[in-house]
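Here is the structure we will look at.
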Amino acid sequence: MSANAPADKKKGKTPRTPMPEQPAKVRVTNFSEVALGYTPELALKEAHRCIQCKKPLCVKGCPVEINIPGFIKKIVEGDLDASYKVLRDTNSLPAVCGRVCPQETQCEGNCILGKKGEPVAIGRLERFVADTFMAKDSCEQLTGAQACVMEREDLKVACIGAGPASLTVAGYLSALGIKVHVYEALHELGGVLVYGIPEFRLPKAIVRKEIDAMRAQGVEFHTNWVGGKTITVQDLLDQGFNAVFIGVGAGLPKFLRVPGENLIGVFSANEYLTRVNLGRAFNFPKTDTPAYTGKNVAVFGAGNVAMDAARTAKRLGADRVMIVYRRTEKEMPARLEELHHAKEEGIELMCLNAPVELVGDEKGWLKSLTVQKMMLGEPDESGRCSPIACDGQFCDIPCDMAVIAVGTGSNPLIGQTTPGLELNKWGYIVVNEETGETSIPGVFAGGDIVTGAATVISAMGAGRRAAKEIARKLLS
Amino acid sequence: MPSRILKKRSLIPGQTSELVLDAPHIAAKAKPGNFVILRVCENGERIPLTIADTDKKAGTITIVYLVLGKTTAHLETLKEGEEILDLCGPLGKDTDIHKLSGPVICVGGGTGIAAMHHIAKGHHMVGNHVVAIIGARNKDLLLFENELKRFCPEVLVSTDDGSYGHKGLVTELLEQRLKADPTVGEVVAVGPVPMMAAVARTTKPFGVKTTVSLNSIMVDGIGMCGACRVSVGGKTQFACVDGPEFDGQLVDFKELSSRLSAFKVMEQISYEEFKKSHVCKCSS
């Protein structure tokens with residue numbers, strides 16, 4: 001131990017290895033991925049910085065409990081296949097997580113090297129390993145995953161929704177030989193990973209590959225099946241599924257409740273991003289789904305979704321894109337990397353401003369925005385300072401497109417068609433927090449439909465907890 | 001999942017057609033008032049279309065569309081036996097259908113007559129006396145008259161040019177019918193926005209419950225995007241999950257009609273591109 005100490009100290013001081021990315025000026029003209037990923041040399045260099053803690057705090061910060069020192073050690077040893085195996089042991093979507101997790105508040109936020117210097121770039125290493133592995137065909141991916149599991153055709157589980165929570169359940173249970181059927185309402189699989197997160201942050205090809213690996217593992221996917229409409233929870237139980245997992249997300253967009261938000265040119269972030277990402281409107285008119293191109297664009301909200309919408313608008317040709325936020329940059333909930341990238345791309349932050357009215361022309365098209373100055377008051381229950389309106393301080397801003405990215409509520413479809421399913425007052429599904437089981441025995445839920453809008457990784461964490469419990473019940 | 005076209009019938013040549021689609025899982029659940037979202041091809045747009053009829057035994061649904069833009073023009077090129085890439089449904093709340101003490105008047109205009117047909121049939125099935133009032137610009141553009149006659153004791157027709165039935169608007173027939181019969185239990189209207197707005201204006205003095213089925217722009221159709229939002233009684237509602245049917249007296253039709261024009265220019269661009277690239281085989 002003492003022999004290692006000087007070396008460890010040195011490791012803590014080595015700067016983090018930067019990840020190559022497209023220059024800001026170039027990337028605002030395309031939808032290709034911004035961050036390009038580590039080369040093998042860069043990954044090795046960064047992996048060497050990990051001091052292999054005996055009691056790794058990073059793992060505690062990870063909702064799906066990845067053995068982080070374990071997978072990094074394998075990179076150092078040059079065995080990327082083994083490294084991938086360690087990742088896949090607990091994470092069904094490592095290439096996705098390496099890209100979209102808020103590492104600064106999870107694994108990297110807990111890294112001991114971060115106390116005095118910079119934490120190990122765990123997310124970038126995860127991405128590197130997953131991408132390297134995915135470059136191989138899915139057969140190899142399959143054999144590299146859980147080897148030779150006896151298929152249990154007698155056991156079958158249904159997942160409603162094909163987003164991160166359900167995919168985690170499917171990945172986990174199919175690795176144990178349980179037959180999983182996933183029912184997705186949209187025509188593509190991946191949920192928010194494909195309709196919400198833009199190509200420049202998470203290429204759809206990556207999501208497809210992760211899903212292909214699950215398909216190779218025996219998971220059956222059914223698109224255009226709407227949970228609660230085409231198929232209900234009761235239908236699935238009647239069809240003999242041993243358990244049902246509901247992972248339908250929290251789709252219903254919230255609006256600001258200010259005058260003028262139904263004007264033409266005002267979109268929910270979900271509509272705007274779905275048009276561009278799922279409808280591939282950035283290729284219009286080669287593709288059929290149109291998206292609006294604003295010149296002066298205001299985006300309300302400051303989470304990852306707001307950053308995604310703002311950066312998308314820029315790429316579609318907006319001259320000016322403003323993030324209008326009631327608090328300050330410090331309180332913004334977006335991932336640091338996204339905020340950083342957005343600023344580099346010329347997105348303006350209009351902090352301490354609250355929209356009070358959207359103003360239209362006589363034909364109903366948005367033409368300007370009235371905002372009111374805010375100041376920060378005392379911290380509220382969430383620990384963030386609550387904004388207070390400054391009397392009489394209003395400002396008009398020319399604006400022909402606005403995107404509302406202030407969160408989503410629960411989608412009512414499952415609740416409406418599942419008698420006996422306990423919902424809370426906001427319409428979210430009530431579950432046993434440890435097992436994910438709902439008020440209906442054998443029916444589980446997890447992700448945004450339980451917690452309200454949260455992160456990909458927290459949905460995966462919920463999926464993992466539910467999957468463990470389903471496996472325990474079915475296999476014991 | 002893809003859906004095969006089992007039958008195709010041209011209702012108005014080159015303009016409006018009816019497709020019978022193989023979709024047992026949708027047919028099993030579909031009720032009057034429901035719609036589907038379809039996507040014709042890989043780069044296609046998702047569009048909503050109301051279900052005009054279902055046959056649960058055969059496992060089919062019927063849709064009727066008017067060629068209006070790229071997607072419907074592409075749909076029109078498909079033949080029996082070919083497939084639609086994605087078909088998703090049934091979506092939307094079912095029509096509230098129950099036994100009424102008086103007749104129900106179902107008003108339909110243009111392609112809306114097809115959607116109205118399914119609702120009218122639902123009312124007939126629970127034993128209501130169904131009066132159908134249908135209108136079009138001229139005789140050749142009138143849909144579903146014979147289908148409605150199969151179960152509606154009264155089918156009243158109007159045309160703008162007087163080439164068939166009453167010369168004038170459906171609302172004139174509606175007003176006459178309401179005046180003649182104070183027992184009318186409900187009025188249902190499906191058609192162009194100005195028609196639905198006019199129906200709501202017409203029924204207002206009579207105090208009859210008036211249901212309209214809205215055709216707002218949709219992307220996902222499952223309550224996720226909010227594109228279809230409409231103001232109903234001053235509240236924002238989503239046509240896809242809260243509707244598509246609402247109380248006609250409470251709908252802000254002006255806003256709806258304005259919102260429907262949001263993508264007009266782009267829809268035109270898309271359609272023109274399609275016409276350039278697609279050689280029409282309709283006449284061959």
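The values are calculated or read from the model by the stated rules, or taken from the named source; none is laboratory data. Note that the structure is predicted; figures quoted are calculated from it, not measured. Every residue, glycine as well, gets a Cβ built from its backbone with ideal geometry; the counts of neighbours run over all protein chains shown. For accessibility, only protein heavy atoms count, side chains too; no ligands or nucleic acids. Shrake-Rupley method; radii C 1.70, N 1.55, O 1.52, S 1.80 Å.
Between the amide H of A:Phe221 and those of A:Val182, distances stay under 5 Å, these residues lying 5 or more places away or on another chain, with hydrogens modeled in the peptide plane. Across region B:107-179 the C-alpha pair distances fall into 5 Å bins from zero in the proportions 3, 19, 29, 25, 17, 5, 1, 0 percent. Annotation: Cα Rg of region A:72-116 relative to the compact-globule expectation 2.2 N^0.38 Å equals 1.29.
Can you classify region B:209-255 as rounded, prolate or oblate using the Cα gyration tensor, where a ≥ b ≥ c are the square roots of its eigenvalues, rounded means a/c under 1.5, and otherwise it's prolate if a/b beats b/c and oblate if not?
Values: a/c = 2.06, a/b = 1.68, b/c = 1.22.
Verdict is prolate for region B:209-255.
Taking Rh as the Kirkwood radius computed over C-alpha pairs, what is the Stokes-Einstein D of the protein assembly as shown at 25 °C in a medium of viscosity 0.890 mPa s, expressed in µm² per second?
The estimated diffusion coefficient comes to 88 µm²/s.
The overall shape of region A:418-476 is oblate: from the C-alpha gyration tensor, with semi-axes ordered a ≥ b ≥ c, the ratio a/c is 1.5 or greater and a/b is no larger than b/c. When its C-alpha radius of gyration is set against 2.2 N^0.38 Å (N residues), region B:76-136 gives a value of 1.45. A 1.4 Å probe run over the protein chains yields, for region A:208-293, 32 Å² of accessible area per residue, whole-number rounding. With Cα atoms as the point set, the radius of gyration and Dmax of chain B evaluate to 18.2, 55 Å. Let a ≥ b ≥ c be the square roots of the eigenvalues of the Cα gyration tensor of region B:1-100; is it rounded (a/c under 1.5), or, if not, prolate (a/b larger than b/c) or oblate? Prolate. Distance from the Cα centre of region A:399-476 to that of region A:66-95, in angstrom? Going from one Cα centre to the other spans 28 Å.
Most simply put, the protein assembly as shown has about 50% antiparallel DSSP beta bridges, counting only bridges with both residues inside it. Within region A:369-444, all pairs of alpha-carbon atoms sorted by distance into 10 Å bins from zero give the percentages 14, 25, 23, 21, 16, 2.
Accessible area per residue for region B:131-216, computed on protein heavy atoms with a 1.4 Å probe, is 45 Å².
With solvent modelled as a 1.4 Å probe, how much accessible area in total do chains B and A shield from it at their shared surface, in Å² to the nearest 100?
On the way: alone 13640 and 21090 Å², together 31040 Å².
Counting protein atoms only, the buried area is about 3700 Å².
Relative to the globular-protein estimate of 2.2 N^0.38 Å, the Cα radius of gyration of region A:307-435 stands at 1.33.
For B:Lys121, the aspartates and glutamates whose Cα falls under 18 Å of its own Cα, not counting residues fewer than eight places away in the same chain, are B:Glu18, B:Asp53, B:Asp55, B:Asp94, B:Asp96, B:Glu145, B:Glu147, B:Glu154, B:Glu186, B:Glu245. The fraction of accessible area contributed by carbon and sulfur in the protein assembly as shown is 54 percent, rounded to a whole number (1.4 Å probe; ligands and nucleic acids excluded).
Taking 0.692 mPa s as the viscosity and 37 °C as the temperature, the Stokes-Einstein diffusion coefficient of region B:170-284 based on its alpha-carbon Kirkwood radius rounds to 204 µm²/s.
Hey, which lysines would be in cross-link range of A:Lys286, C-alpha to C-alpha under 26 Å, not counting anything within fewer than 8 residues on its own chain? Excluding near neighbours in sequence, the set is A:Lys25, A:Lys204, A:Lys209, A:Lys295, A:Lys314, B:Lys70, B:Lys79, B:Lys264, B:Lys275, B:Lys276, B:Lys281.
Can you give me the Kirkwood hydrodynamic radius for region A:162-305, using every pair of distinct Cα atoms, in Å to one decimal? Working shown, then result.
Working: mean 1/r = 0.0585 Å⁻¹.
It works out to 17.1 Å.
Considering Cα pairs under 8 angstrom that are at least six residues apart, work out the relative contact order of chain A and quote it in whole percent. Walk me through the intermediate numbers first.
Numbers: 1000 pairs, mean separation 72.2, N = 476.
Once normalised by length, the contact order is 15 percent.
How large is the dipole of region B:164-284 about the Cα centre if only Lys and Arg carry +1 and Asp and Glu carry -1, each at its Cβ, rounded to the nearest 20 debye?
Working: 14 positive and 13 negative charges, 61 e Å.
Value, rounded to 20: 300 debye.
Short to long, the 5 Å bins of the Cα pair-distance histogram for region B:143-211 hold 3, 15, 24, 27, 22, 8, 1 percent of all pairs. Under a 5 Å amide H cut-off, with hydrogens placed 1.01 Å from N, B:Leu156 pairs with B:Ala132, B:Ile133, B:Ile134 among residues at least 5 apart or on other chains. For A:Lys13, a cut-off of 25 angstrom between C-alpha atoms picks up these lysines, skipping any fewer than 8 places away in its own chain: A:Lys45, A:Lys54, A:Lys55, A:Lys60, A:Lys73, A:Lys74, A:Lys115, A:Lys116.
Residues whose amide H lies under 5 Å from that of B:Gln249, counting only those 5 or more places away or on a different chain, are B:Thr210; hydrogens are built 1.01 Å from N in the peptide plane. Interface burial in region B:208-229, defined as at least 40 Å² less accessible area with all protein chains than with the chain alone at a 1.4 Å probe, covers B:Val219, B:Ile222, B:Met224, B:Cys225, B:Arg229.
I'd like the residues of region A:257-288 whose 1.4 Å-probe accessible area shrinks by no less than 50 Å² going from the isolated chain to the full set of protein chains. The answer is A:Asn262, A:Ile264, A:Glu271, A:Arg275, A:Phe284, A:Pro285, A:Asp288 - residues whose exposure falls by at least 50 Å² when every protein chain is included. Any idea what diffusion coefficient region A:235-276 gets from Stokes-Einstein, in µm²/s, Kirkwood Rh on alpha carbon pairs, 10 °C, 1.306 mPa s? So the translational diffusion coefficient is about 116 µm²/s.
For region A:197-231, a decrease in accessible area of 30 Å² or greater in the assembled protein chains relative to the isolated chain, with a 1.4 Å probe, applies to A:Asn224, A:Trp225, A:Val226, A:Lys229, A:Thr230. Most simply put, chain B has about 60% antiparallel DSSP beta bridges, counting only bridges with both residues inside it.
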